[in-house]
Amino acid sequence: MSGIQDKVILITGASSGIGDATAQMLAGRGGHVVLGARRTDRLEKLVNEIRDAGGVAHFRALDVTRLDDVQAFTSFALETHGRIDVVVNNAGVMPLSKLEELKVDEWNRMIDVNIRGVLHGIAAGLPVMKKQGHGQFVNLSSIGGHTVYPTSAVYSATKFAVIAISEGLRQENDNIRVTIISPGVTESELADSISDEGAREAMKEFRRLAIPPEAIARAIAFAIEQPEGVDVNEIIVRPTASAY
C-alpha cells in the first residue's frame, strides 16, 4: 500500500505546471485530490482525466489571495471527504523585473499570491489539522528562496518568506508535518507573467535546462508517502546541469 493511498490532498494552483503534474501523480498513487485554481475549465478537464484513469478527484474555483475563498475551498474538501490530510500550497506567480522598473502592481501581486496565498492555506487548514491531531503542509518555495538574482529581488523575498513561515509552522506543531519544496528551473507557465522584456529574454535562456514538472511532483509524493513520524522538512530539486 502506498503511503499516499486514500489521503485527502488539497492542491492550490492545480490548473497547470507543477500543480497539474502533482495532482495526476498523487491521484495515480491512490490519493483523493481536491484541486483549486482560477481557471476552472482546466481543472474540469484535469479532474475528468484523473477520473477516467480510475482516480478520485474534485475541483473548486479558488483565488488564494482571498481568505474567504480558501476557507470555502477547505470546507468543500471537508464536506466531500470528511478530513484533510495534506495541503499543497503551490499557487505562485513570478513577474520578474529590476527594482528600478518600479512595477509596484506586480510586486504586490507576488506578495498577495506567494505569501498571503500560503498564509491563507495555513489559516484555513491548520484548525482542521489541529482538531484531527494530524496533517501535513507542503509549501512551494524556490531556489529563489535560497539566493537572489538580478530581477528576482521581490520574487525571492516572497520565497524566502515561504521558508520562514514554514519553519515557524513546523516548530510550533509537533503533530503536523511541514515540508518545503524548492524547485530549480522547471517547465511551467510562471515565466508567462514576466512583462519586463529584458527579464523575459533572460528567463528564456535560463529555462533552456528546465526539468519537467513531474520531477517536482515526485519530490512532493516522496514527502507525503513517509510514515507519520517522519517529516521531510525540505527538498531542493534542480536540473543536473544547472549551477543555480
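When S166 is tested against (1) modelled with pLDDT of 95 or more; (2) over 17 Å from G121 (Cα atoms); (3) among the polar types (S, T, N, Q); (4) surrounded by 17 or more Cβ atoms within 10 Å (Cβ to Cβ), just one condition goes unmet, and that condition is (2).
Each row is one residue, and each column tells you yes or no for (1) under 24 Å from L26 (Cα atoms); (2) modelled with pLDDT of 95 or more; (3) more than 13 Å from the chain's Cα centre (by Cα); (4) of a type outside the set (A, V, I, L, M).
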| site | (1), (2), (3), (4) |
| --- | --- |
| V128 | yes, yes, yes, no |
| K131 | no, yes, yes, yes |
| I143 | yes, yes, yes, no |
| A153 | no, yes, yes, no |
| S156 | no, yes, yes, yes |
| I181 | yes, yes, no, no |
| A199 | no, no, yes, no |
| R207 | no, no, yes, yes |
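Being of a type in the set (G, A, S), assigned to a helix (DSSP H, G or I) and over 16 Å from V178 (Cα atoms) is a property that does not hold for A161. Just to be sure before I move on: is I236 at pLDDT 95 or above and of a type outside the set (D, E, K, R) in the structure I sent? It is true that I236 is at pLDDT 95 or above and of a type outside the set (D, E, K, R). Within segment 129-150, the set of residues being crowded, with 18+ Cβ neighbours inside 10 Å and aliphatic (A, V, I, L, M) comprises M129, V138, L140, I143.
The values are calculated or read from the model by the stated rules, or taken from the named source; none is laboratory data. The model shown is predicted, which means the values in this text are computed figures rather than measured ones. Note that we place each Cβ from the backbone using ideal geometry, even for glycine, and neighbour counts take in every protein chain shown.
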